[in-house]
1. Between Ala11, Ala241, Ala97, which gets the highest mean-square fluctuation from a Gaussian network model of the chain, Cα cutoff 10 Å?
2. Which value, in Å², gives the accessible area per residue of the chain when a 1.4 Å probe is used on the protein heavy atoms?
3. Quick one: compute the contact order of the chain, relative version, from alpha carbon pairs under 8 angstrom and 6+ residues apart, as a percent.
4. Given R₀ = 22 Å, what would the calculated FRET efficiency be for Asp171 paired with Arg141, taking r from the Cβ atoms and rounding to 0.05?
5. Taking N as the number of residues in the stretch 87-183, what value does Rg over Cα atoms divided by 2.2 N^0.38 Å take?
6. Under the Kirkwood approximation applied to all pairs of distinct alpha-carbon atoms, what is the hydrodynamic radius of the stretch 124-254 in Å?
7. Taking the full set of protein chains and a 1.4 angstrom probe, give the accessible area of Glu106 in square angstrom, rounded to the nearest 10.
8. Restricting to bridges with both residues inside the stretch 111-177, how much of the DSSP beta-bridge set is antiparallel, in percent to the nearest 5?
Amino acid sequence: MKTAILREVSASLGRCELTHIEREPIDIGVARAQHNAYERLLASLGCSIVLLPEQPELPDAVFVEDTAVVLTELAIITRPGAPSRRPEVPSVATALARHRRLVHIEAPGTIDGGDVLVAGKEVFIGRTGRSNGHAIEQVARALHPLGYAVRGVPVSGCLHLKSAVTLCGPDMLLVNPAWINPALFPCKGIIEVDPLEPHAANALVLDGRIIYPSLFPRTRERLLAQGLTVHEIDLSELAKAEGAVTCCSLIVET
Ligand code: CIR
């Protein structure tokens with residue numbers, strides 16, 4: 001059984017943090033409708049949904065992925081790299097405490113969940129403007145005793161590690177090689193995004209099914225060509241806030 005923790009879209013989403021893209025007007029009504037469709041898709045794929053209430057004054061609060069990293073044994077509660085996002089964390093920690101022991105990242109560590117790629121017992125953490133070496137050391141200290149290997153990896157040109165690479169199958173990665181070096185993942189199969197779709201490397205896998213933005217039809221063809229099952233979702237308004245499909249949920253095996 002899987003539980004998906006989501007949070008309603010904030011009225012203030014238009015004032016979100018932006019790092020690598022230009023600000024464009026966001027239609028909150030459309031963003032909410034797209035988020036509802038995402039919630040319904042996760043439910044139809046077997047997730048039980050926990051929908052946290054809107055935090056109207058926290059523009060980026062819909063992007064719950066950045067506030068925690070959920071593993072089988074525990075959940076790491078992050079200290080987001082953007083100070084504006086730190087007040088998002090306590091309510092997510094409360095929701096997760098029902099399911100997992102919590103380990104909190106402490107200052108001067110900063111880390112966003114979007115920088116953490118868990119592949120079995122391997123944990124890759126992007127060294128980005130949001131996630132630093134102090135946090136990587138704290139994660140390693142918490143996870144080494146549980147048998148995980150934790151590695152910091154360089155990322156350039158995008159917000160998070162998972163903007164550049166995500167799992168799209170048990171041993172298969174979807175990668176934008178302009179933003180991360182695929183050679184860092186020697187034991188994995190690699191599908192590269194279409195060069196015309198640089199933001200296309202973020203996919204959410206649920207029991208072998210891929211939840212994938214309709215914005216990237218060329219890369220979708222590459223996933224289908226590998227025999228992967230793809231469920232499309234339009235998150236174009238949330239993409240204007242530099243968000244993608246993994247960012248909007250925390251998936252907890254329950
Ligand atoms: C931010 O800059 O923090 C938000 N506007 C977007 C966060 C997207 N989160 C993610 O990719 N995990």
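The values are calculated or read from the model by the stated rules, or taken from the named source; none is laboratory data. Note that the structure is a prediction, hence the values are computed from the model and not measured. Here the Cβ positions follow ideal geometry from the backbone for every residue, glycine too, while neighbour counts run over all protein chains shown. Just so you know, the surface numbers come from the protein's heavy atoms only, side chains and all, with ligands and any DNA or RNA stripped out. Shrake-Rupley method; radii C 1.70, N 1.55, O 1.52, S 1.80 Å.
1. Greatest mean-square fluctuation among the candidates belongs to Ala97.
2. On the way: 10440 Å² over 254 residues.
Result: 41 Å² per residue.
3. Working: 543 pairs, mean separation 55.1, N = 254.
This gives 22 percent for the chain.
4. Values: r = 27 Å, r/R0 = 1.23.
The calculated FRET efficiency here is 0.20.
5. Numbers: Rg = 13.8 Å, N = 97, 2.2 N^0.38 = 12.5 Å.
Output field value: 1.10.
6. On the way: mean 1/r = 0.0647 Å⁻¹.
The Cα-based Kirkwood calculation yields 15.5 Å.
7. 110
8. Numbers: 8 of 14 bridges.
So the antiparallel bridges amount to about 55 percent of the total.
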